[in-house]
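The values are calculated or read from the model by the stated rules, or taken from the named source; none is laboratory data. These numbers were taken from a predicted model, which means no experiment stands behind them. Note that each Cβ is placed from the backbone with ideal geometry, even for glycine, and that neighbours are counted across all protein chains shown. These area figures cover heavy atoms from the full protein model, side chains too; ligands, DNA and RNA do not enter into them. Shrake-Rupley method; radii C 1.70, N 1.55, O 1.52, S 1.80 Å.
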Amino acid sequence: KYFENINSLYASFSNKFGEKFSARLGIRAEQTNTRGHQFAIDSINTRSYFDIFPNIRLTYKFQEDNQLSLTYSYRISRPWSSSLNPFMKKNSDYSFSTGNPYLNPQYSHSVSLSHSWKYMLFTSVSYSYTKDDINWLEAPLDSNNIHYNPLALISYPINFGSSQNVSFNLSFNKE
């Protein structure tokens, strides 16, 4: 049985500075409380954590239909409750999966520079850095397991280091 309670508070401020420049600043504060009860082994896992997530968007309009935007955000991605379930699931004779009750959320910083021209041509360059990246690992099934098959693999989620992503997007839209 899994319980998750997230209390949050949001604040946002936006303003125009002249005709060409605008800014939007935001902040979100969150208090997260979780409780997982594994009845089969009578184990209880509780967590409580507090986070602050800022975001900012700066926009400069060269003309009404030609603008440049710079954005930054800090985000959280929590594991799904099924990823926390520690009991093994048989997917096939050769594939098993299990969750990890000690899995942490992953946190990401993102920066993006985007441009739109005449509401037709859109370009952007983005970078993100994710800490405590949630990944699924596969390993041979333990020979002490009741479902033992020497060819079977078990997959499970872990927080595995960090990741960085860079992307470039270009799109054109004309009616």
Evaluation of Arg24 against (1) modelled with pLDDT of 95 or more; (2) in contact with a Phe, Trp or Tyr (Cβ under 6 Å, 6 or more places away or on another chain) (one fails), failing number: (2)
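So that you can scan it fast, the table gives a plain yes or no per residue for (1) within 30 Å of Leu137 (Cα to Cα); (2) assigned to a loop (DSSP other than H, G, I, E, B):
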| site | (1), (2) |
| --- | --- |
| Phe50 | yes, no |
| Asn55 | no, no |
| Leu68 | no, no |
| Ser73 | yes, no |
| Ser83 | yes, no |
| Pro86 | yes, yes |
| Lys90 | yes, no |
| Val111 | yes, no |
| Tyr119 | no, yes |
How many of the residues making up the range 1-21 are open to solvent by 60 Å² or more (accessible area, probe 1.4 Å) and of a type in the set (Gly, Ala, Ser)? 2
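Where residues in the range 22-42 are in contact (Cβ under 8 Å) with a residue 40 or more places away in the chain and in a strand (DSSP E or B), which of them is surrounded by the most Cβ atoms within 10 Å (Cβ to Cβ)?
It comes out as Gly36.
Give the number of residues within the range 98-113 that are among the aliphatic types (A, V, I, L, M) and open to solvent by less than 30 Å² (accessible area, probe 1.4 Å). Lay out the reasoning, then the answer.
Here is the first cut: in the range 98-113, the ones among the aliphatic types (A, V, I, L, M) are 103, 111, 113.
So of that shortlist, the ones also open to solvent by less than 30 Å² (accessible area, probe 1.4 Å) come out as 103.
Of the residues in that region, 1 qualify.
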